[in-house]
Amino acid sequence: MAATKIYRTFREFYPFYLSQHANSISRRLHFIGTTTALMLLISAFITQLWWLVAIAFLQGYAFAWSGHFFFEHNKPATFTYPWFSFVSDWRLWWEMLVGKIRF
């Protein structure tokens with residue numbers, strides 16, 4: 001069994017993260033989930049309905065994880081690198097938004 005690489009910096013981790021998101025449907029699901037989470041977070045702050053924050057996280061991860069389980073067929077990096085993965089989700093979202101990474 002091969003040893004699992006340990007990522008110590010975001011710079012090291014992000015290329016691995018991208019390799020785990022090669023499927024375009026999975027990337028689209030991540031984009032939809034992150035966008036919906038953002039809208040729910042903004043709504044929570046405007047309305048002060050704080051339970052929307054929990055819903056934002058739940059539905060955001062539901063979209064992302066369905067992409068991994070049904071299209072990528074890999075384990076989400078969130079389980080091993082929660083912070084790097086969370087930040088990478090937002091970077092992927094931004095890079096898709098500005099056209100650096102294709103939908």
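What to note about this one:
- Total residues in segment 58-85, condition over 15 Å from Ser24 (Cβ atoms) and loosely packed, with under 15 Cβ neighbours inside 10 Å: 8
- Hits in segment 47-103 (condition: of a type in the set (D, E, K, R) and modelled with pLDDT of 95 or more): Glu72, Asp89, Arg91, Glu95, Lys100
- Lone qualifier among Ile46, Ile55 - being among the aliphatic types (A, V, I, L, M), loosely packed, with under 15 Cβ neighbours inside 10 Å, farther than 17 Å from Trp90 by Cα and over 12 Å from the mean Cα position of the chain (by Cα): Ile46
- Meets criteria (out of contact with any Leu (no Cβ under 8 Å at 6 or more places or on another chain), among the hydrophobic types (A, V, I, L, M, F, W, C) and without any contact (Cβ under 8 Å) to a residue 12 or more places away in the chain) for Phe13: no
- Condition broken by Leu41, with the remaining ones in (1) assigned to a loop (DSSP other than H, G, I, E, B); (2) more than 13 Å from the chain's Cα centre (by Cα); (3) of a type outside the set (Val, Ile, Thr) satisfied: (1)
- Positions within segment 6-38 being of a type in the set (D, E, K, R) and over 12 Å from the mean Cα position of the chain (by Cα), in sequence order: Arg8, Arg11, Glu12
The values are calculated or read from the model by the stated rules, or taken from the named source; none is laboratory data. Here the structure is a predicted model, which means the values were calculated and not measured. With ideal geometry, Cβ positions are generated from the backbone for all residues, glycine too; neighbour counts draw on all protein chains shown.
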